[in-house]
Amino acid sequence: MRILITGAAGFLGSHLCDKLLADGHEVIGMDNFITGNAQNLAHLAGNEKFSFYRHDVSNYIFVSGKVDAVMHFASPASPNPQSAAGYFNLPIQTMKAGALGTHNCLGLARANNARFILASTSEIYGDPEVHPQAETYTGNVDPVGLRAVYDEAKRFAESLTMAYHRYHKVDTRIVRIFNTYGPRMDLEDGRALPNLLKQALLGQPLTVYGDGGQTRSFCYVDDLVDGIVKLLYSDEHMPVNIGNPVEMSILQFAESINKITANKGGITYVDARSSRDPQRRRPDITRAKEIIKWEPAVNLEEGLRRTIPYFKEKLGLA
Ligand code: NAD
Ligand code: UDP
């Protein structure tokens with residue numbers, strides 16, 4: 001296939017480029033670098049099967065030649081209010097990437113009779129009242145809350161995707177991605193893993209927000225990419241959760257990082273996020289297991305071991 005990946009210079013987009021090139025496809029990357037980094041694609045320079053467009057997907061998308069699949073991953077993704085790369089500080093761009101960007105990508109898929117996959121998120125469940133979250137749960141999102149610029153854009157993107165599927169018969173898929181980590185994360189974007197692992201490698205105390213009792217389930221990037229590609233190759237049109245169902249509190253997560261890195265800096269408790277930080281999050285992956293025969297294989301310890309060399313290099317500790 002000839003596959004367009006938007007958000008290609010980001011964390012997940014760049015890993016998808018690698019995986020799909022390794023599977024023998026031709027890949028066209030697209031990114032405007034608002035939160036991504038050209039270095040994430042530098043190793044693909046000279047690869048004849050890879051090309052790149054610098055473009056904002058909120059504007060009309062032109063790609064020369066036939067496209068067989070469109071993977072829409074372009075969006076700011078960090079909820080950290082302190083980070084310039086966080087969606088609180090890019091509110092309009094975030095809503096445009098989710099709304100106008102999704103519309104442009106669906107239009108391109110329709111014109112090419114191509115399959116389409118939307119990178120959605122566990123955030124569409126908001127601060128969930130149902131646990132774990134199955135795809136049938138419709139969520140608890142405040143439309144005017146601080147996280148709404150991201151959550152509602154993704155919810156709109158899902159609705160638009162289903163409208164193109166039902167009305168225009170576009171061959172669409174929706175992946176609801178849960179917290180994922182690995183090499184090529186932006187060390188400064190303020191998400192939990194980059195913050196905590198960076199602090200641990202620098203021998204600093206780990207900043208746990210609130211009492212650290214809020215839970216997440218962290219998936220290693222190779223597992224996630226494997227699930228997304230299986231979904232791309234499938235015929236499933238309804239949303240599918242992809243994430244690791246091993247749930248832990250953020251305090252436990254921080255303690256695991258301190259243990260694996262032998263950090264003596266301990267833990268420091270800081271004020272909880274002012275945004276409505278979801279208190280519990282764990283994917284129900286029954287559908288992924290049944291439909292695409294997928295489940296994660298990399299546990300937290302192994303995933304951290306694979307991630308640490310990248311962080312050390314970026315911190316000048318390698
Ligand atoms: P990222 O910030 O590393 O990558 C996003 C990429 O999109 C960046 O390279 C950025 O420059 C690009 N981008 C943003 N707006 C754009 C625009 N208008 N035009 C062109 N490019 C644009 O984030 P990520 O973690 O790799 O996330 C990728 C996708 O996966 C996002 O859609 C995100 O919502 C989704 N997602 C990620 C996670 C996770 O844990 N990483 C969880 C749920 C959903
Ligand atoms: N968190 C934390 N310390 C940090 C960064 C994040 O305790 O330095 C917590 C945050 O409050 C949230 C969880 O880690 O409960 C995951 O945050 P992240 O930014 O990775 O994404 P979210 O899951 O909230 O979208």
For Asn140, are the conditions met, namely being within 13 Å of ligand 1 (Cβ to nearest atom), open to solvent by 20 Å² or more (accessible area, probe 1.4 Å) and in contact with a strand residue (DSSP E or B) (Cβ under 7 Å, 6 or more places away or on another chain)?
no
Of the residues in region 210-247, how many are surrounded by fewer than 16 Cβ atoms within 10 Å (Cβ to Cβ) and of a type in the set (Phe, Trp, Tyr)?
1
Residue that is open to solvent by less than 20 Å² (accessible area, probe 1.4 Å), at pLDDT below 95, on the phi < 0 side of the Ramachandran plot and within 16 Å of ligand 2 (Cβ to nearest atom), where the choices are Tyr125, Tyr87
Tyr87
Would you call Lys289 surrounded by fewer than 17 Cβ atoms within 10 Å (Cβ to Cβ) and of a type in the set (Lys, Arg)?
yes
Go through Gly107, Gly145 for me and flag whichever is open to solvent by 20 Å² or more (accessible area, probe 1.4 Å) and within 28 Å of Gly29 (Cα to Cα).
Gly107
Working carefully through the options Met71, Met30, Met1, find the one that is hydrophobic (A, V, I, L, M, F, W, C), open to solvent by 20 Å² or more (accessible area, probe 1.4 Å) and closer than 21 Å to Leu106 by Cα.
Met1
Name the single residue that is nearest to ligand 2 (Cβ to nearest atom) among those in region 177-186 being open to solvent by 10 Å² or more (accessible area, probe 1.4 Å) and not hydrophobic (A, V, I, L, M, F, W, C).
Asn179
Quick check on region 110-118. Is at least one of its residues away from ligand 1 (no atom under 13 Å from the Cβ), open to solvent by 20 Å² or more (accessible area, probe 1.4 Å), under 24 Å from Phe62 (Cβ atoms) and among the polar types (S, T, N, Q)?
yes
Condition set over 19 Å from Arg280 (Cβ atoms) and open to solvent by 40 Å² or more (accessible area, probe 1.4 Å), scope region 187-209, selection farthest from ligand 1 (Cβ to nearest atom): answer is Gly203
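The values are calculated or read from the model by the stated rules, or taken from the named source; none is laboratory data. Just so we're clear, the structure is a prediction, and the values are computed from it rather than from any experiment. Every residue, glycine among them, receives a Cβ derived from its backbone with ideal geometry; neighbour counts consider all protein chains shown. Side chains included, ligands, DNA and RNA excluded: accessible areas come from the protein's heavy atoms. Shrake-Rupley method; radii C 1.70, N 1.55, O 1.52, S 1.80 Å.
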